[in-house]
1. For segment 299-346, what are Rg and Dmax over the alpha carbons, in angstrom?
2. With respect to the cross-link table entries Lys539/Lys628; Lys651/Lys723; Lys359/Lys537; Lys399/Lys459, which display a Cα-Cα separation exceeding 22 Å?
3. Expressed as a fraction of 2.2 N^0.38 Å, the rule-of-thumb size for a compact globular protein of N residues, what is the C-alpha radius of gyration of segment 684-726?
4. For Leu281 and Lys317, what is the calculated FRET efficiency with R₀ set at 25 Å and r taken between the beta-carbons, to the nearest 0.05?
5. Determine, from the Cβ-Cβ distance of Met698 and Thr652 and an R0 of 25 Å, the FRET efficiency 1/(1 + (r/R0)^6), rounded to the nearest 0.05.
6. Going toward the positive end of the dipole of the chain, with +1 on Lys and Arg Cβ and -1 on Asp and Glu Cβ, which of Asn542, Gly51, Val114 do you reach last?
7. Pairs of Cα atoms under 8 Å, at least six residues apart: use those to get the relative contact order of segment 33-96, whole percent.
8. If you filter segment 517-612 for trypsin sites (Lys or Arg not before Pro), then keep DSSP loop positions with at most 15 other Cβ within 10 Å, what is left?
Amino acid sequence: MQRISLNREHTGYFFSSILNSYSQIFFSTHKPFAVIIMAVTFYDIYAGLSGLIAVVTTSTAAFILNLHKPTTAQGFYGFNSLLVGLGLGIYYSFGWHLLLIILLAALFTFFISVSLQGVIGKYHLPYLSIPFIIALWTFVTATRSFEALGISERGIYTLNELYQVGGQRLIAVHEYFNSIAFPYIFRTYFISLSAILFQYSILTGMLIAAGLLLYSRIAFSLSLIGFFVAYLFYDLIGANITQIDYSYIGFNYILTAIALGGFFLIPSLRTYLWVAVLIPLVAILTISLNTIFLEFKLPVYSLPFNMIVLLFIYILKFRPEYSPKLAEVYYQYNSPEKNLYIFLNNTERFRFRHFKQIKLPFFGTWDISQGHNGAHTHKDEWRHAWDFVILNKDGNQYKNEGDYPEDYFCYGKPVIAPEDGVVEKVVDQINDNIIGEVNLQQNWGNTVIIKHDDNIYTKLSHLKKDSIKVREGETVTYGQVIAQCGNSGRSPYPHLHFQVQEFPYIGSGTIDYPISSYVIHHDNSYSFCSHKRPEEKEKVSNIEVNDLLRQAFRFTPGEILKFNVTGFGKIKDVKWEVKVNPYNETYLECDRSGAIAYFEQDENQFHFTYYEGKKKCILYYFFLSNYKVQEGYYQDLIMKDQYPLSLVYPKTILWFHDFISPFFRLIKAEYTIKYVQIDDYMSPTEIRLESTLHNLFMKKVLNSMKFSTTVGPAGIQTLRIEKENKTMLIERCEN
């Protein structure tokens, strides 16, 4: 059974590699678009057949050589061979001699593609259509001496050729579209699109434009912008764009605009502006290279597009800092819209991912007696610091009269490492002060400084004498007890001073650095905070993980989850398996649909990162309902997050919104989760969480979905889904 499954998987990869080779010409893996492009290549049946033979040859070679199958399936190796096959099929008469040449040319193109992937791929640069240019130049030049190959006379008797393909109906369609009185600029645009496939047809161009619009509104709008900017530039300099050989008329500008405006870079106002700047350069390069290559009787094909795109992407590699305003696409979803929506979502959700996860340096709940820019000692270069104490329910720091350090609730309490690191400095021989007195000579008192990363240190001061449990050079982990709270140094009463600094010295200035996660305790409620700065008078704690929640959302590779599903007119069983891919990404995979939900887990939080698959799959609802779960239970705690728009909005709404999405967004998809019920705080056996999905248009709710998740000793017990007055219940089965 395993062998059959594997063969089916390989067969799927093989056919995907063929189909995606067509759409990859426009940087896409959109199957309907691929079908359109494949169909229009057969406008000239022999050219279409030549292209198909080249793609099949390349895919077969890739599988025989056992190259990375997902990469092959994406069509990355095949689209250059497709272009070479189309070029040779257009230029020469079809026969077994040409078939032999196409097979050799496809293999040669494939070898160049794989080689370039290794050579320039290590610089994170795409090889674009360079293999196509090199291969077609090579074979066109060589075949001039091949007397057995005849130059094709197709195109002279176009109507006869069309009749062979589609009969009188196709001729009628061809003549109808040729007779439409399009404005000259649009006729040239359509012909430019068709020229990408070595054709000179308005109908072909219109079909490609329709497919481009179906695949991506951003790519379609960029194709128009790229072409029209070039057209206007030609008019400005007094040149005529239509005098250029049709084999590359206009398409260099179209491909450049799509590549830089929305594919290799995240679509934005800046990418559109850069397209407007770079297209005239492509035009000048096209004219210049055409003059040079005419001497060799070779077309420049897509060389200008390749040169400008590679130069611009390469230049961006030298930026000393990452820029979200002109951001490269590092994980390619083969859709400008998906790239944009997921980038925006991840930028918001994970904007602090590069921060070291600094947490509060104590157990339990403490109060902030002095925060940043405090009224007493947190001034000037030491202003970004906190002082922590413990208050009782009456707001007092101490018992009795508070005359002795031991009277203070925080005195002697454990102080923990706020994150993994290495102990840089220890001071542990300073006496604790009598209440009301301070030690100005040894200002910071007993202190521990921990290095967490380059230029990220934490300092914990005013510690109790002889309480420090670590030594300089020792490695510590988050939560490890390192000392006790004391009253040493410039400290009139026991408290814990905590700061983040850039250098490892006692007395170093502070830096404004957020606490990665913590909970604010109000009188009757809680607030969850992520990468914020606790403020004076707030009562705060680290997240105290609930074992029941942690167990429910700690999925381990190889684990199988089984559920019974009833509702929405369905009764069925589903099974999910926890897996890890070669990139060390963990995910849940549905055995029925093949849908995948990627997730991440840290010390106290579970969250999904992305979903691939059908949106009617049960796994999709689980992805929506538990998009982010903090693993500590706090009654009535509410947390919010945002979904990627491409994963939750109806295609009809997104279709129109896509046009404006690079500039501003009118819609939003909001996730809210609330901790509503626990049966026993000390030894819980059941916890219930409620979550909602709200699709918003200009802050007005368009539609909603409600979820209720119950967890128990065995993990996720039930999930109830309410959608459009319909209810679905998912219940855990025993494995």
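1. 13.5, 43
2. Numbers: Lys539/Lys628 24 Å; Lys651/Lys723 18 Å; Lys359/Lys537 18 Å; Lys399/Lys459 28 Å.
In this structure, Lys539/Lys628; Lys399/Lys459 exceed 22 Å between Cα atoms.
3. On the way: Rg = 13.5 Å, N = 43, 2.2 N^0.38 = 9.2 Å.
Here the answer is 1.47, to two decimals.
4. Details: r = 19 Å, r/R0 = 0.76.
In this case the efficiency is close to 0.85.
5. Working: r = 17 Å, r/R0 = 0.70.
The computed FRET efficiency comes out at 0.90.
6. Gly51
7. Working: 54 pairs, mean separation 28.2, N = 64.
Once divided by the residue count of segment 33-96, the mean separation gives 44 percent.
8. Working: sites: Lys532, Lys537, Lys539, Arg550, Arg554, Lys562, Lys570, Lys572, Lys575, Lys579, Arg592; in loops: Lys537, Arg554, Arg592.
Sites meeting the loop and neighbour criteria: Lys537, Arg554, Arg592.
The values are calculated or read from the model by the stated rules, or taken from the named source; none is laboratory data. Nothing here was measured: the structure is a model prediction, and the numbers come from that model. We place every Cβ from the backbone using ideal geometry, glycine too, and count neighbours over all the protein chains shown. These area figures cover heavy atoms from the full protein model, side chains too; ligands, DNA and RNA do not enter into them. Shrake-Rupley method; radii C 1.70, N 1.55, O 1.52, S 1.80 Å.
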